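Data first, discussion second: the structure below is written as structure tokens.
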Amino acid sequence: MRFAVTLFVTPLDTYMSTSSPMSHIFRTTRASLALGIALLTQSAAIADAQSASPGQAVARVPLASDITLDIPGNSRLAGMAEGIDSVRARLRTMGLDTPDAPLRWEQFVLSDVDQVWFIASSPRESNHAEQPLLLVARRDSVRGVVALRVIPQNQSAFDKRHARDDGIVRTSLAAQRNRRQVLALHAGNGKVRFVGADANDAWVVVDDPSTLRPAPLLLHYRFDAAGYLIDVRRATTGSTVHAVLWGPP
């Protein structure tokens, strides 16, 4: 087992106000500051989710019969869905349960059981496709995927697309704060492919500056209730996957 430790350095003084919670944590110099150190977790080969090119068989990713799906925000889809039928119904509404049109995602491995799938768009036509989103998946070696969490890139647009029947609109100020903070942290640090956030977490996909050829790098930030950063995890992409969500095994 091999681990890599990476120090991610970001200049802060050009955009961090002295009154923000982030500046209180990180303010040690005016020129630059180490954002965080995270262990690069080990990569794991996924037997049922291998990369597929045109003409090859599409992988099937099994979903457990008691799978849960967590969707943030204020849409009619928001909240926790439990059980394969309820979960697949919501995935279908988002264009993510389409056996005849495989999904294409870039796969990041955070641990032996946790993966993150970056989906640039659903396979539907453009006027029906979702914005880019992440699916955070927890897998069991026998039962398949036991939990999914949706992270939209634009939570407001997602909520409007799947508006509540009662017309009530709510916005998470904590989610907006976390999104603004990570956007500021990555300003001028290369191409940002994705930024999504909720009240506790922010997820960023960027081009890895340490590679000669562009390669996606995932950064997962965790915040406390006051907006202070408490943890950072990072992972490079393991593979590009063409697959359909299938279940139960």
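The numbers here are math on the coordinates, done by the rules we state, and not lab data. What you are looking at is a predicted structure, and each value in this text was computed from that prediction instead of being measured. Note that we place each Cβ from the backbone using ideal geometry, even for glycine, and neighbour counts take in every protein chain shown.
Give the dimensionless ratio obtained when the Cα radius of gyration of segment 185-249 is divided by 2.2 N^0.38 Å.
1.36
Once phi is turned into θ = phi - 60°, what whole-Hz ³J(HN,Hα) does the Karplus curve with 6.51, -1.76 and 1.60 give for every residue of segment 227-233, x standing for Gly and Pro?
x, 8, 5, 10, 6, 9, 10
Mind giving me the nanometre distance, one decimal, between the label points for residue 210 and residue 154, set 7 Å out from Cα along Cα→Cβ?
Simple spin-label model gives 3.3 nm for this pair.
Through the Karplus equation 6.51 cos²θ - 1.76 cosθ + 1.60, θ set to phi - 60°, convert the phi angles of segment 182-193 into ³J(HN,Hα) values in whole Hz; use x for Gly and Pro.
In residue order, the calculated couplings are 6, 4, 5, 5, 9, 4, x, 10, x, 6, 9, 8 Hz.
How long is the gain from residue 165 to residue 98 if the chain were fully straight, where each residue apart is worth 0.36 nm and the alpha carbon distance is subtracted?
Extra length from residue 165 to residue 98 when fully extended: 21.6 nm.
Could you state the principal axis extents of the C-alpha atoms in segment 56-249, from the largest down, to the nearest angstrom?
Principal axes ranked by extent give 47, 42, 32 Å for the Cα atoms.
Pop out the ³J(HN,Hα) list for segment 136-152 in order, Karplus 6.51 cos²θ - 1.76 cosθ + 1.60 with θ = phi - 60°, rounded to Hz; leave Gly and Pro as x.
Taking θ as phi minus 60°, the curve returns 9, 10, 10, 10, 10, 4, 9, 8, x, 6, 9, 8, 10, 10, 9, 10, x Hz for segment 136-152.
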